[in-house]
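Notes to accompany the following structure.
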Amino acid sequence: MRLGLALGGGGARGAAHIGVLMELERLGIRPDLIVGTSIGGLVGALLAAGQTPQQMGAFFEQMNVNQLFGVPSGVRSLTGNRKLEQLLEKTMGRPTFADLPIPLAVVTVDLVNRKEIVLDTGDLISAILATTAFPIVLPPVEREGLTLIDGGVLNNMPFDVARARGATHVIAVDLSHSLPYGTTASAPAGGGIVGRALAITQRYPLGQVISNLADIVTMQSMNVRLAITRPEVLLQPQMGTIGLFDFHRLADGISAGRSAAQAAEAALLSLASSLEHSQV
């Protein structure tokens, strides 16, 4: 019996994953394999590479939008991904999937064939850049003849991918539960031209429509999969008004993740006990 951890997408809301991982660490629960989409793929990669939740928090503290997003190299996106690539290289070097202590897969979408592509071999950082390539904001990634973007377009909480890769039991984390359209948003995401531009997603009516539309689309896709099969434990942190680019709200996101995991502690311990007994 193998435990899979499926981490969903949600931009800066990914701080909630760190809170969940803190609680799993406290409970002594460690996954046998990890699958992630978008920011879930990034956090999953850090975990698979041996980073602790505390180290991930330090990583997120460097993800200020003006430090994270650079000038685009073409006309396919509002910003470039070179700064994110440099931050990843500084943190983990340039590993391959085969170098990871815990097996990892990340979900992307091929723009040409319009289908889900799961990456689990080769260069890790280019795979992270692909799964986090939020359409329009970050550029598609050319890899192995494919043009790849954020996997959240088709599969934002890939618990089914974890099962397909051999997980008999799955803990899944969904970041799509935010307050509804029209709710007053938080303070601006940061200064500078890039920060003000990206803050539009939560600060102005048109941007809020786009942000809520993204949540609706990803939730519909997730609900279709949940109707077929469900993870053993589904954690849904309440993200409130945390926007996709609100990386300055690290503490709020971590708190939301910890609260969700604490509320499900009985289910998590029961799952851990079942797995332990199966190995005796």
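The values are calculated or read from the model by the stated rules, or taken from the named source; none is laboratory data. Bear in mind that the values here come from a model prediction, so they are computed numbers and not experimental data. Reconstructed Cβ throughout: ideal geometry from the backbone, glycine too, with neighbour counts over all protein chains shown. Heads up: the accessible areas ignore ligands, DNA and RNA and are worked out on the full protein's heavy atoms, side chains in. Shrake-Rupley method; radii C 1.70, N 1.55, O 1.52, S 1.80 Å.
At pLDDT below 95 and more than 18 Å from the chain's Cα centre (by Cα): is that true of Arg94 in this structure?
Values: at pLDDT below 95: no; more than 18 Å from the chain's Cα centre (by Cα): yes.
In short, no.
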Could we say that Asp174 is open to solvent by less than 50 Å² (accessible area, probe 1.4 Å), out of contact with any Leu (no Cβ under 8 Å at 6 or more places or on another chain) and among the acidic types (Asp, Glu) here? no
Sole residue being open to solvent by less than 60 Å² (accessible area, probe 1.4 Å), in a strand (DSSP E or B) and within 23 Å of Gly243 (Cα to Cα), chosen from Val118, Val106: Val106
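Yes or no, residue by residue, for (1) farther than 30 Å from Ser259 by Cα; (2) open to solvent by 30 Å² or more (accessible area, probe 1.4 Å):
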position: Pro95; (1), (2): yes, no
position: Gly122; (1), (2): yes, yes
position: Pro135; (1), (2): yes, yes
position: Asn155; (1), (2): no, no
position: Phe159; (1), (2): no, no
Among Gly28, Gly11, Gly40, Gly44, the single one that is of a type in the set (Gly, Ala, Ser) and surrounded by fewer than 17 Cβ atoms within 10 Å (Cβ to Cβ) is Gly28
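Is there a residue in region 62-69 that is open to solvent by less than 20 Å² (accessible area, probe 1.4 Å) and among the aromatic types (Phe, Trp, Tyr)? Give the derivation first.
Of all residues in region 62-69, those open to solvent by less than 20 Å² (accessible area, probe 1.4 Å) come to 63, 65, 68-69.
Narrowing the set further to residues that are among the aromatic types (Phe, Trp, Tyr) leaves 69.
The answer is yes; a qualifying residue exists.
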Could you grab me the full set of residues in region 79-92 that are open to solvent by less than 30 Å² (accessible area, probe 1.4 Å) and assigned to a loop (DSSP other than H, G, I, E, B)? Thr79
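Conditions (1) among the aromatic types (Phe, Trp, Tyr); (2) closer than 28 Å to Ser273 by Cβ; (3) modelled with pLDDT of 95 or more; (4) open to solvent by less than 20 Å² (accessible area, probe 1.4 Å), marked per residue:
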residue	(1), (2), (3), (4)
Met222	no, yes, no, yes
Arg225	no, yes, no, no
Thr229	no, yes, no, no
Leu235	no, yes, yes, yes
Gly243	no, no, no, yes
Leu250	no, no, no, no
Ile254	no, yes, yes, no
Arg258	no, yes, yes, no
Gln262	no, yes, yes, no
Take the residues in region 24-43 that are more than 17 Å from Ala261 (Cα to Cα) and part of a helix (DSSP H, G or I); name whichever of them is nearest to the chain's Cα centre (by Cα). Ile39
Out of region 131-155, which residues are in a strand (DSSP E or B) and closer than 15 Å to Arg82 by Cα? Val141, Glu142
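I'm checking my understanding of the structure. Among residues of region 162-180 that are among the hydrophobic types (A, V, I, L, M, F, W, C) and more than 15 Å from the chain's Cα centre (by Cα), which one is modelled with the lowest pLDDT? Working first, answer last.
Keep residues of region 162-180 that are among the hydrophobic types (A, V, I, L, M, F, W, C), which gives 162, 164, 167, 170-173, 175, 179.
Within this subset, residues satisfying the condition of being more than 15 Å from the chain's Cα centre (by Cα) are 164, 167, 170, 179.
Working: Ala164: 95, Ala167: 97, Val170: 98, Leu179: 69.
Here the answer is Leu179.
With respect to Gln55, is the statement that it is in a loop (DSSP other than H, G, I, E, B) and at pLDDT 95 or above true? Show your work before the answer.
Details: in a loop (DSSP other than H, G, I, E, B): no; at pLDDT 95 or above: yes.
No, not satisfied.
Any residue at all in region 197-213 that is among the hydrophobic types (A, V, I, L, M, F, W, C), assigned to a helix (DSSP H, G or I), open to solvent by 30 Å² or more (accessible area, probe 1.4 Å) and at pLDDT 85 or above?
First pass over region 197-213, keeping only residues among the hydrophobic types (A, V, I, L, M, F, W, C): 197-200, 206, 209-210, 213.
Among the residues that remain, those that are also assigned to a helix (DSSP H, G or I) are: 197-198, 200, 206, 209-210, 213.
Then keep just the ones that are open to solvent by 30 Å² or more (accessible area, probe 1.4 Å); that gives 197, 200, 206, 209-210, 213.
Okay, now just the ones that are also at pLDDT 85 or above, so none.
No, the conditions are met nowhere in region 197-213.
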